[in-house]
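Peer 1: Take a look at this one; I'll ask things after.
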There are 2 protein chains.
Amino acid sequence: MSRAESDAVRGQGSVRVLGLGPGRAEQLTDEARAALERADHVLGYHTYLARLPALQGKLLEGKTLHGSDNGDELVRARHALELAAEGAHVALVSGGDPGVFGMAAAVFEALDGAPDAQRALDVAVLPGVTAMLAAAARLGAPLGNDFCAINLSDNLKPWALIERRLELAAQAGFVIALYNPASRARPAQIHSAFERLRAHRAASAPVAFAKAVGRPDEELVVTTLGEADPSHADMRTLVVVGSEATRRIERPSGPAWLYTPRSIDGAS
Amino acid sequence: MSRAESDAVRGQGSVRVLGLGPGRAEQLTDEARAALERADHVLGYHTYLARLPALQGKLLEGKTLHGSDNGDELVRARHALELAAEGAHVALVSGGDPGVFGMAAAVFEALDGAPDAQRALDVAVLPGVTAMLAAAARLGAPLGNDFCAINLSDNLKPWALIERRLELAAQAGFVIALYNPASRARPAQIHSAFERLRAHRAASAPVAFAKAVGRPDEELVVTTLGEADPSHADMRTLVVVGSEATRRIERPSGPAWLYTPRSIDGAS
């Protein structure tokens, strides 16, 4: 690289779209931590920014934090791109993994159709441990066979499509991870979702409600599709709907484990 | 905790089922690193054990490594439980995340029906960045809307079930991540899988072959369902089949980005 090129790279801003993992500092990757440490500006949902002091090795001194509300993703993504275009290093944070119902899609929506100069920016996504993986680890191995992830919020897609996906996923025998299962504005949909699932899957299929996994107030409820009370779900809950193959192991003490065997009948 | 209880805990073995992440040391979590450092025995597929010296901060001195072949998962899991029952700290490693087509399901298969003493062991799964998340991050945000993960190997399930899952997933509009798309023993199945997908999804849907993501020989091929050559896939490849909503963004330089918008028509 020539001297001039190297100067140009030094002067260039960057956007790192990163995941904070499920919540505990030990579940952050080194590269996400390094991107936070390097950032001049950190943008994200208020709740996630509030976790930073505990997650980061170094202090936040010298960094500008830009907290915004949930739902402002596209505005936040555009703001990040503008700051980077001015030469700043920007960290855009999501909980879990930014590629799974997080900030990454919003950044590329903002870049799609943007001028060449923005599309030439140094943008990278740094993966993290998404809620589904963290919840599965605490429960055992419910995602041990084929599975799907469905965002239950109908803020950005029709409810009829969500219901169709639930039905087809149940018919396919997928273990189903439900993100954003309920909120104060959508308390009833998780009940409709469970009705739909019960029509296509045995009542004995295991179900788990994993709330605030990796946080001090973590709560795990392990039940069955037939007996599950969908009211257990809130915005901080990841719901795992096991398949008919998913099994439960009782332990001498502590909650039961769930796992989905790798083998399915009919294989050699 | 009383003195006697604390002595008992000190004398107890443990099993930590952990994910090494996609490959680079920076994508390992702190808790997975700590579990490796604490382990007396490390068990895993030869290929993953070979990565340990580069991944671990401290040396492997004093640890016993037990490499075994791919396919020996249940034997390896039972071995881990036996060592822990004798009081050893055991790390059982998978690539990516152990809960996604990794060692976690094998451990719970081994525990299911095992004597109380084994089920009382200190067993925990430590999540990691699975291949699908690492590949998605390198590609942009293809998993930005609902998606599924299908293990294309028919070693442990009937091929007819895999084809049915592919069809239903395509009909549901899921973005589809294909794990283990091909091997020397199964070179033809990925071609059958693509035929199945082409029957249910537009030829214009973006497709990516992400090989050895996070490794020095990483290779990304971005194409469409109609034009994709399934021969690109091997055991180290994660295939992402975009939905009809998945979009491609050309960049002034470098490969195109893929992302799946959060919004789907018909939403408010």
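The values are calculated or read from the model by the stated rules, or taken from the named source; none is laboratory data. Fair warning: this is a prediction, and the values are worked out from it, not measured in the lab. Because the Cβ atoms are built from the backbone with ideal geometry, glycine has one as well, and the counts that use them run over all protein chains shown. The protein model used for the area step is the full one, side chains on, heavy atoms only, and it has no ligands, DNA or RNA in it. Shrake-Rupley method; radii C 1.70, N 1.55, O 1.52, S 1.80 Å.
Peer 1: What accessible area, in Å² to the nearest ten, does a 1.4 Å probe give for B:SER153?
Peer 2: Approximately 20 Å² of B:SER153 is accessible to the 1.4 Å probe.
Peer 1: Search the structure for amide H atoms under 5 Å from the amide H of B:VAL207, placed 1.01 Å from N in the peptide plane, and list their residues when 5 or more places away or on another chain.
Peer 2: Under 5 Å from the amide H of B:VAL207: B:THR223, B:THR224, B:LEU225, B:GLY242.
Peer 1: Something else now. Suppose we keep just the DSSP beta bridges with both residues in chain B; what percent of those would be antiparallel, to 5?
Peer 2: DSSP beta bridges in chain B are roughly 40 percent antiparallel.
Peer 1: With the cut-off at 1.5 for a/c, could you classify the stretch B:28-130 from its C-alpha gyration tensor as rounded, prolate or oblate?
Peer 2: Prolate, since a/c reaches 1.5 and a/b exceeds b/c.
Peer 1: Something else: Relative contact order for the stretch B:215-268: what is it in percent, counting Cα pairs under 8 Å that are at least 6 residues apart? Each step should come with its number before you reach the end.
Peer 2: On the way: 27 pairs, mean separation 13.3, N = 54.
After rounding, I find 25 percent.
Peer 1: To the nearest 10 degrees, how steep is helix B:159-172 against the longest Cα principal axis of chain B, on a 0 to 90 scale?
Peer 2: Taking Cα atoms only, the helix is inclined about 60 degrees.
Peer 1: Describe numerically, in nm with one decimal, the distance between label points set 7 Å from Cα along Cα→Cβ at B:ARG186 and at B:LEU74.
Peer 2: For the pair B:ARG186/B:LEU74, the computed spacing is 1.7 nm.
Peer 1: So, one more: Before anything else, pin down the relative contact order of the stretch B:75-156: Cα pairs under 8 Å, at least 6 apart, normalised by residue count, whole percent.
Peer 2: Relative contact order here is 28 percent.
Peer 1: If you don't mind, there's one more thing I want to ask. So for the stretch B:156-213, taking the charge dipole from beta-carbon charges (+1 Lys/Arg, -1 Asp/Glu), which of B:ALA185, B:LEU161, B:ALA199 sits furthest toward the positive end?
Peer 2: Among B:ALA185, B:LEU161, B:ALA199, the one farthest towards the positive end of the dipole of the stretch B:156-213 is B:ALA185.
Peer 1: If you don't mind, there's one more thing I want to ask. Would you kindly derive the ³J(HN,Hα) couplings of the stretch B:102-108 from the backbone phi angles with the Karplus curve 6.51 cos²θ - 1.76 cosθ + 1.60 (θ = phi - 60°), listing them in order in whole Hz, with x for Gly and Pro?
Peer 2: x, 6, 4, 4, 4, 5, 6
Peer 1: Across peptide B:116-123, what mean number of C-beta atoms from other chains lies inside 10 Å of a residue's C-beta?
Peer 2: Per-residue shielding by partner chains comes out at 3.
Peer 1: Related question: From the P(r) of chain A, could you give the percentage of C-alpha pairs in the tail past 34 Å?
Peer 2: In whole percent, the long-distance tail amounts to 27.
Peer 1: Taking the Cα centre as origin and putting +1 on Lys and Arg beta-carbons and -1 on Asp and Glu beta-carbons, what dipole magnitude results for the stretch A:81-190, to the nearest 20 debye?
Peer 2: That gives a dipole near 540 debye.
Peer 1: Once the dipole of chain A is set up with Lys and Arg at +1 and Asp and Glu at -1 on Cβ about the Cα centre, which of A:VAL93, A:ALA110, A:SER263 lies farthest towards its positive end?
Peer 2: Highest projection toward the positive end goes to A:SER263.
Peer 1: Under 14 Å from the Cβ of A:GLU250, count the other residues' Cβ atoms, weight Lys and Arg +1, Asp and Glu -1, and hand me the total.
Peer 2: Every neighbour counted, the sum reads +2.
Peer 1: Something else now. Quick one: with all protein chains in place, what share of the accessible area of the protein assembly as shown is carbon or sulfur, to the nearest percent (1.4 Å probe)? List each step's numbers first, then the result.
Peer 2: Numbers: 10250 of 21210 Å².
Ligands and nucleic acids excluded, carbon and sulfur reach 48 percent.
Peer 1: Another question about this same structure. So what J values fall out for the stretch A:141-147 if you push phi through Karplus, 6.51 cos²θ - 1.76 cosθ + 1.60 with θ = phi - 60°, rounded to Hz, Gly and Pro as x?
Peer 2: So the Karplus estimates, Gly and Pro as x, are 8, x, 8, x, 10, 4, 8 Hz.
Peer 1: If you don't mind, there's one more thing I want to ask. With everything on Cα atoms, drop me the angle between helix A:189-198 and the longest principal axis of chain A, reported from 0 to 90° to the nearest 10.
Peer 2: Rounded to the nearest ten degrees, it is 50.
Peer 1: Given charges of +1 on the Cβ of Lys and Arg and -1 on the Cβ of Asp and Glu, with all other atoms neutral, how large is the dipole of the stretch A:140-221 about its Cα centre, in debye to the nearest 20?
Peer 2: Dipole of the stretch A:140-221, to the nearest 20 debye: 200 debye.
Peer 1: Could you tell me how many degrees, from 0 to 90 and to the nearest 10, lie between the Cα long axis of helix A:73-85 and the main elongation axis, the longest principal axis, of the Cα atoms of chain A?
Peer 2: With rounding to tens, the tilt is 30 degrees.
Peer 1: Quick one: which residues, 5 or more positions from B:ALA141 or on another chain, have an amide H under 5 Å from its amide H? H modelled 1.01 Å from N in the peptide plane, none for Pro or chain starts.
Peer 2: B:LEU258, B:TYR259, B:THR260
Peer 1: Could you work out [θ]222 nm for chain A from helices alone, using -39500 (n - 2.57) per DSSP H run of at least four and dividing by all its residues? Round to the nearest 500 deg cm²/dmol.
Peer 2: That comes out to -8500 deg cm²/dmol.
Peer 1: I've got another one for you. Å³ per residue of the Cα convex hull, for the protein assembly as shown?
Peer 2: Output value, Cα hull per residue: 158 Å³.
Peer 1: A further question follows. Local charge sum around B:ASP217 (other residues, Cβ-Cβ under 13 Å, Lys/Arg +1, Asp/Glu -1)? Write out the running numbers ahead of the final one.
Peer 2: Values: positive: B:ARG24, B:LYS211, B:ARG215, B:ARG236; negative: B:GLU218, B:GLU219, B:ASP234.
Net charge around B:ASP217: +1.
Peer 1: How many percent of all Cα-Cα pairs in the stretch A:79-158 sit more than 17 Å apart?
Peer 2: Beyond 17 Å sits 58 percent of the P(r) for the stretch A:79-158.
Peer 1: Same structure again: Among residues other than B:SER204 whose Cβ falls under 14 Å from its Cβ, what is the net charge (Lys/Arg +1, Asp/Glu -1)?
Peer 2: On the way: positive: B:ARG198, B:ARG201, B:ARG247, B:ARG248; negative: B:GLU227, B:GLU244.
Overall, the nearby charge balance is +2.
Peer 1: Taking Cα pairs under 8 Å and at least six residues apart, what relative contact order does chain B come out at, in percent?
Peer 2: 18 percent
Peer 1: Loop only by DSSP, 10 or fewer other Cβ within 10 Å of the Cβ. Give me the GluC sites (Glu not before Pro) in the stretch A:22-73 that pass, ordered by residue number.
Peer 2: Passing both the DSSP loop test and the Cβ count: A:GLU61.
Peer 1: Let me ask something else about it. Calculate the dipole size of the stretch A:186-268 relative to its Cα centre from +1 charges on Lys and Arg beta carbons and -1 charges on Asp and Glu beta carbons; express the result in debye to the nearest 20.
Peer 2: 200 debye
Peer 1: Please list, in order along the stretch A:21-32, the HN-Hα scalar couplings obtained from phi with the Karplus expression 6.51 cos²θ - 1.76 cosθ + 1.60 (θ = phi - 60°), rounded to whole Hz, x for Gly and Pro.
Peer 2: x, x, x, 7, 4, 5, 9, 7, 7, 4, 5, 5
Peer 1: Here's a follow-up. Using a 10 Å cut-off around each Cβ of peptide A:101-114, what is the average number of partner chain Cβ atoms that fall inside?
Peer 2: 6
Peer 1: Would you compute, for the Cα atoms of the stretch A:138-268, the largest minus smallest coordinate along each principal axis and list the three values in descending order, in whole Å?
Peer 2: Projected onto the principal axes, the Cα atoms of the stretch A:138-268 cover 42, 38, 22 Å.
Peer 1: Additional query: Which of the trypsin sites (Lys or Arg not before Pro) across the stretch A:182-268 are loop residues per DSSP, with 11 or fewer other Cβ within 10 Å?
Peer 2: Details: sites: A:ARG184, A:ARG196, A:ARG198, A:ARG201, A:LYS211, A:ARG236, A:ARG247, A:ARG248, A:ARG262; in loops: A:ARG184, A:ARG201, A:ARG236, A:ARG262.
For trypsin sites (Lys or Arg not before Pro) across the stretch A:182-268 that sit outside H, G, I, E and B with at most 11 neighbouring Cβ atoms in 10 Å, the list reads A:ARG184.
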